[in-house]
Amino acid sequence: MQRLSIIGSTGSIGTQALTIVREDPELRAVVLAARSNIALLKEQIYEFRPELVCVFDHDRAQELDRELRDEGVLPDSDIPRIVSGMDGLCEAAAYEGSDTVLVSVVGMIGIRPTMAAIRAGKKIALANKETLVCAGHIIMPMIREYGVELMPVDSEHSAIYQCLMGEEHESIEHIYLTASGGPFRGKKRDELRHMTASDALKHPNWSMGSKITIDSATMVNKALEIMEAHWLFDVDIDDIIPIIQPKSIIHSMVEFRDGAIKAQLGSPSMLVPIAFSLYAPGRPHVKEEPRLDLSVLRSIEFEEPDPETFRGLSLGIRAGKAGGLMPTIFNAANEEAVALFLDGSIGFLDIDEAIGYAMDHMDNLPDPELESILKAETEARGLVRAYFDKGDRSI
Ligand code: MG
């Protein structure tokens, strides 16, 4: 029996993880945590019967507790304890009755619960990019200190992990991090000026949350993944090469010093890397159709990314190399700009402009503590908002 805590159970990764839980009586979801989708969370509580639930928003947590009691679907003794806020999230992550914590929330809100889970000795299945991007220098030493297992959930990092099984670190020459190129692949900067949120949300291959889909359209997602891979696999940023493979069939590759290249392939489905993070080195049966059919596929194509059009990628690589607070500044400026873009306040190209502006106007700090990281996040977000409020766009 593996007992699982899902921090972010109502999002794209969380709901897919629950489909795996549903298939396997040996896998139980004992903790569910969500930000605000109470209707879905309530359905999940009735189906999966968790022991502890966290709703980030305090009022909504109380509301949920009231609803569960009023509806009378569960006897009072089976109603889970409900906690809230950051303390509640950390309590959920450290819950003593669980073995594995899937961190599938989006944003820097995932950092503290991940740290709480590591301190509690849990196996970590990490789907939250920001944890390693912003705090990799804190998290990786903690992983070693507490001797916990850290499994990547992101498809690229899961692929790299699989390619590296049985290999020695010193044999690695390069990591090829594959990218689909997103919905705007092949376009030039001028053609992107008037793209709207609904254009950018049409991802060709992957079905993901809206924030990450925009990050895929700007290629900021690939920059975040390069930084994540740097921490996970202890490989220099310069040795992690983004390459476009439009059909998302190759999930990533590793080139070794003898010239051999290993790749991991499959249909673009998040179910596979989620399941792998929970069962590795074993593999459960995953009901995912259609399977990759090589006779139908016939060919796999590659392209170089266009750093002039997709400046978010180049800015992210710059931030990753600078280290310290710069990845946080990059990430927070992007999050703020993407939110503004999604609500129609700014244009598509304003996203990378805002990131560059924040990176140019904030000071870096080597090896920042978590407090400084969170402070830089707030500052970068404020800077981006002020930049667009003032209409001062002359960088
Ligand atoms: Mg990915």
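Annotations
- Unmet requirement for Leu278, which otherwise passes all of (1) in contact with a helix residue (DSSP H, G or I) (Cβ under 8 Å, 6 or more places away or on another chain); (2) buried (at least 19 other Cβ atoms within 10 Å of the Cβ); (3) among the aliphatic types (A, V, I, L, M); (4) within 24 Å of Ser216 (Cβ to Cβ): (4)
- The residues on offer are Ala159, Ala135, Ala200, Ala217, and the sole one that is touching a residue at least 60 places away in the same chain (Cβ under 8 Å), surrounded by 22 or more Cβ atoms within 10 Å (Cβ to Cβ), away from the ligand (no atom under 16 Å from the Cβ) and farther than 23 Å from Gly324 by Cα is Ala200.
- In region 104-113, the residues that are crowded, with 23+ Cβ neighbours inside 10 Å and closer than 10 Å to Leu89 by Cβ: Val105, Gly110, Pro113
- In region 203-214, residue farthest from the ligand (Cβ to nearest atom) [restricted to those that are modelled with pLDDT under 90 and assigned to a helix (DSSP H, G or I)]: Ser210
- Assessment of region 71-79 against the conditions (of a type outside the set (Lys, Arg) and on the phi > 0 side of the Ramachandran plot) yields at least one matching residue.
- Residues in region 357-365 include at least one that is touching a residue at least 24 places away in the same chain (Cβ under 8 Å) and crowded, with 24+ Cβ neighbours inside 10 Å.
- With respect to the conditions (1) crowded, with 19+ Cβ neighbours inside 10 Å; (2) more than 30 Å from Pro141 (Cβ to Cβ), Leu89 lacks only one, and its number is (2).
- Every condition in (1) at pLDDT below 95; (2) more than 19 Å from Phe184 (Cα to Cα); (3) not in a helix (DSSP H, G or I) is met by Asp363 except one, and the failing one is (1).
- Checking region 226-248 against the condition returns a match, with at least one residue being on the phi > 0 side of the Ramachandran plot, at pLDDT below 95 and either of a type in the set (S, T, N, Q) or away from the ligand (no atom under 14 Å from the Cβ) (or both).
- Among the candidates Met195, Met151, Met140, the residue that is in contact with a helix residue (DSSP H, G or I) (Cβ under 7 Å, 6 or more places away or on another chain) and assigned to a strand (DSSP E or B) is uniquely Met151.
- Scanning region 280-314 for residues that are more than 19 Å from the chain's Cα centre (by Cα) and outside any loop (DSSP other than H, G, I, E, B) yields a count of 7.
- Test: Gly182 is within 16 Å of the ligand (Cβ to nearest atom) and at positive phi: yes
- Taking region 185-197 as the range and being more than 20 Å from Asn331 (Cβ to Cβ) and more than 16 Å from the ligand (Cβ to nearest atom) as the test, the residues that pass are Gly186, Lys187, Lys188, Arg189, Asp190, Glu191, Leu192, Arg193, His194, Met195, Thr196.
The values are calculated or read from the model by the stated rules, or taken from the named source; none is laboratory data. In this text the structure is predicted, and so the values were computed from the model without any measurement. No Cβ is skipped: glycine too gets one built from the backbone with ideal geometry, and neighbour counts run over all protein chains shown.
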